[in-house]
Amino acid sequence: LRGRSLVLARTEWVVLVSLTFGLFIASIPLHFSQLMAVSNEPRMWLQISPAQEHALLNLGLSVRSYAVYMLAVQMIVVMVFWGLGPLIFWRRSDDGMAIFVSLVSILYGATSVPISQALAQQLPAWRMPIALMNSIGWGTGLILFYLFPDGRWVPRWTRWLAALVTIWVLAWPFLPALDPDRWMFPWPFLTKMSWYATGIMAQLHSYMRRSTPVERQQTKWAVFGFTAAFTGFILFNLPVVLWSSLQVRGLSRLLYLLIGYPTLGLLPLLLVPLSLGFACLRYRLWDIDLVINRTMITSVIAAVLALIYLACVLLLQGLFLTLTGQGQSEIATAVSTLAIWAAFQPVRRRTQTLI
């Protein structure tokens, strides 16, 4: 970028980043207050109920320690995103694609955790700016798939999809019914994943048809980061769908939030800014082909073994229910665990050969 285009791009970056920082920082103390407030009708999904407060006390923890823990793990993820964005802007502020990646990193980091929702819930006057920040953060994250790594619309139909998604996300604050996060589960997940599927198709098309060797290496890094985050997202949400006990605000859900949310919901997200940073700044630092190979093998093995375990549990519990009239059986769990142990090596060998 040069001349007016460069000045305009930098000005837009500074304005959007300043607004994002301001809104997010103002939300932190309000979010902490929400985490501290025990309620029978929680206004956010990380807020706990009286039953969960009692479970915390039985574990030797207080509500305050829970609030500090949840806020800390979220802030770690946000700080990594926010550390990458200014770094890319500082190193490559004359490159339009680098500026866009930097902006997406900051917006996506602020909207990937529910902290900013506290400001919208407690101060209704800020609902519109918060909703706009969330919609722009999601929309730019999707458009990044269409443009990365060289800023070209490849294939050409991606520009029309980008125009459509831009109109759609900008309408969310004004027409809440269009916001998929307000729909019944699993429609938000299915809708967003369908859109991201178009981005993956665009990346594959660009990788195979137009990319130079350097751009292919950059694409591998970006796909690696988003694949890891996507895998973590699925592994975090799948148990909630399969086991209804995790939807009830009791001990099971509390332990699931304490362990599953940081390890599956947040930590895989860290690979998104790190991989984008390597792609934009130091794409030759590691052998990404080896990293992707091992990551894909691990993800596929985890998914296959989870399905085998689930099928064994459901089948054996159904069998015991028919024979004994009792659906829950420790024998079913033990046999399923043995099946996983026996299947691990064959699944690993076949997966490694396939990939």
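The values are calculated or read from the model by the stated rules, or taken from the named source; none is laboratory data. Small disclaimer: the values here were computed from a predicted structure and weren't measured. Using ideal geometry, Cβ is built from the backbone for each residue, glycine included, and neighbour counts are taken over all protein chains shown. Side chains are part of the model used for accessible areas, which takes the heavy atoms of the whole protein and leaves out ligands, DNA and RNA. Shrake-Rupley method; radii C 1.70, N 1.55, O 1.52, S 1.80 Å.
Within region 198-206, none of the residues are of a type in the set (A, V, I, L, M, F, W, C) and over 22 Å from the mean Cα position of the chain (by Cα).
Kindly indicate whether TRP138 is within 30 Å of GLY3 (Cα to Cα), surrounded by 17 or more Cβ atoms within 10 Å (Cβ to Cβ) and touching a residue at least 12 places away in the same chain (Cβ under 8 Å). Yes: the conditions hold for TRP138. Whether a residue is within 18 Å of PHE32 (Cα to Cα), open to solvent by 50 Å² or more (accessible area, probe 1.4 Å) and either outside any helix (DSSP H, G or I) or modelled with pLDDT under 85 (or both) was assessed, and LEU56 does not pass this test. Just one of the listed residues (VAL77, VAL38) is in a helix (DSSP H, G or I) and either touching a residue at least 12 places away in the same chain (Cβ under 8 Å) or open to solvent by 30 Å² or more (accessible area, probe 1.4 Å) (or both), namely VAL77.
Say whether the condition of being in contact with a His (Cβ under 7 Å, 6 or more places away or on another chain) and open to solvent by less than 40 Å² (accessible area, probe 1.4 Å) is met by at least one residue in region 110-120. Yes, some residue in region 110-120 is in contact with a His (Cβ under 7 Å, 6 or more places away or on another chain) and open to solvent by less than 40 Å² (accessible area, probe 1.4 Å).
One residue stands out among those in region 22-35 that are without any contact (Cβ under 8 Å) to a residue 60 or more places away in the chain and surrounded by fewer than 14 Cβ atoms within 10 Å (Cβ to Cβ): the one that is nearest to GLN121 (Cα to Cα), which is PRO29. Of all residues in region 99-115, those that are without any contact (Cβ under 8 Å) to a residue 40 or more places away in the chain have Cβ atoms under 6 Å from Cβ atoms of residues that are in a helix (DSSP H, G or I), 6 or more apart or on another chain, in THR111/ASN134; THR111/GLY137. Tell me the residue from ALA332, ALA343 that is among the small types (Gly, Ala, Ser), assigned to a helix (DSSP H, G or I), surrounded by 14 or more Cβ atoms within 10 Å (Cβ to Cβ) and modelled with pLDDT of 75 or more, please. Exactly one of ALA332, ALA343 is among the small types (Gly, Ala, Ser), assigned to a helix (DSSP H, G or I), surrounded by 14 or more Cβ atoms within 10 Å (Cβ to Cβ) and modelled with pLDDT of 75 or more, namely ALA343.
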